1. Considering only B:D17, B:D31, B:D49, give the residue with the highest GNM mean-square fluctuation for chain B, with springs between Cα atoms whenever their separation is below 10 Å.
2. How would you classify chain B from its alpha-carbon gyration tensor, with a ≥ b ≥ c the square roots of the eigenvalues: rounded for a/c under 1.5, else prolate if a/b is greater than b/c, otherwise oblate?
3. Counting only protein heavy atoms and rolling a 1.4 Å probe, how much accessible area do B and A lose on contact, total for both sides, in Å² to 100?
4. Considering only DSSP beta bridges whose two residues both sit in the protein assembly as shown, what percent are antiparallel, to the nearest 5?
5. In sequence order, what are the phi-derived ³J(HN,Hα) couplings for segment B:103-113 according to the Karplus relation 6.51 cos²θ - 1.76 cosθ + 1.60 with θ = phi - 60°, rounded to whole Hz, with x for glycine and proline?
6. Determine the gain in length on full extension of the stretch A:T76-A:M15; use 0.36 nm per residue of separation and subtract their C-alpha separation, reporting nm with one decimal.
7. Taking θ as phi - 60°, what are the ³J(HN,Hα) couplings along segment A:22-34 by the Karplus curve (6.51, -1.76, 1.60), each to the nearest whole Hz, with x for Gly and Pro?
8. Averaged per residue, what accessible area in Å² does segment A:5-111 show with a 1.4 Å probe, protein chains only?
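The values are calculated or read from the model by the stated rules, or taken from the named source; none is laboratory data. All values reported here derive from a predicted model rather than from experimental measurement. With ideal geometry, Cβ positions are generated from the backbone for all residues, glycine too; neighbour counts draw on all protein chains shown. Calculation scope for accessible area: heavy atoms of the full protein, side chains included, ligands and nucleic acids excluded. Shrake-Rupley method; radii C 1.70, N 1.55, O 1.52, S 1.80 Å.
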Amino acid sequence: EPEVTQTPSHQVTQMGQEVILRCVPISNHLYFYWYRQILGQKVEFLVSFYNNEISEKSEIFDDQFSVERPDGSNFTLKIRSTKLEDSAMYFCASRLVLETQYFGPGTRLLVL
Amino acid sequence: GESVGLHLPTLSVQEGDNSIINCAYSNSASDYFIWYKQESGKGPQFIIDIRSNMDKRQGQRVTVLLNKTVKHLSLQIAATQPGDSAVYFCAENLSSGSARQLTFGSGTQLTVLP
């Protein structure tokens, strides 16, 4: 069964450093998403991406965040200058046309 | 201000019993709902979904009930097994907008007792 994959599974970085989180969505899917989950809290929407552009973003997704689909398979989330409060699990999700979104296993980001 | 961790509702059931997990959703304009299961350290896993034009949908060992009048969703798990232990989230989709991003509920920790 096809699934969303994410790398790395864990990332530790120093405050102020740039990180890139990578995702490979399910191959024929058209809509891509990033969510985050701070430890012990709800899963929160960050951004959605369709047809090579951002379609919606939340207030969390500020100028420090960017997304890119550099080729036909990868979907990346970049945080330019990480802050302590960026520490969270970051989940990528994708869907075809119908609403069901399928999530990857997540990247645990720890900012020191 | 200080960020406070969410107090997660918990439900403990005996193995073999039925479980009912409840969720109150926020937006009367939501037209699609999903239940996800999240095991420790993993991503949300799709369980079952329901559209707002339905009030009940059944899957394998799971049933979702939707009450739009009171904006309430429930997940029933029949014959609960140890592998069902996880956090269960409901999520809703607003009918407007093409992005169809999900808004998640706060989750319920289900523990299956032997």
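1. Fluctuation is largest for B:D17.
2. Values: a/c = 1.91, a/b = 1.27, b/c = 1.51.
Judged from the Cα gyration tensor, chain B comes out oblate (a/c at least 1.5, b/c at or above a/b).
3. 1900
4. Values: 70 of 79 bridges.
DSSP beta bridges in the protein assembly as shown are roughly 90 percent antiparallel.
5. 10, 8, x, 7, x, 10, 8, 9, 10, 9, 8
6. Values: separation 61, 0.36 × 61 = 21.96 nm, distance 1.97 nm.
Full-extension gain reported as 20.0 nm.
7. 10, 9, 10, x, 4, 4, 9, 6, 10, 10, 10, 9, 10
8. On the way: 5170 Å² over 107 residues.
It amounts to 48 Å² per residue over segment A:5-111.
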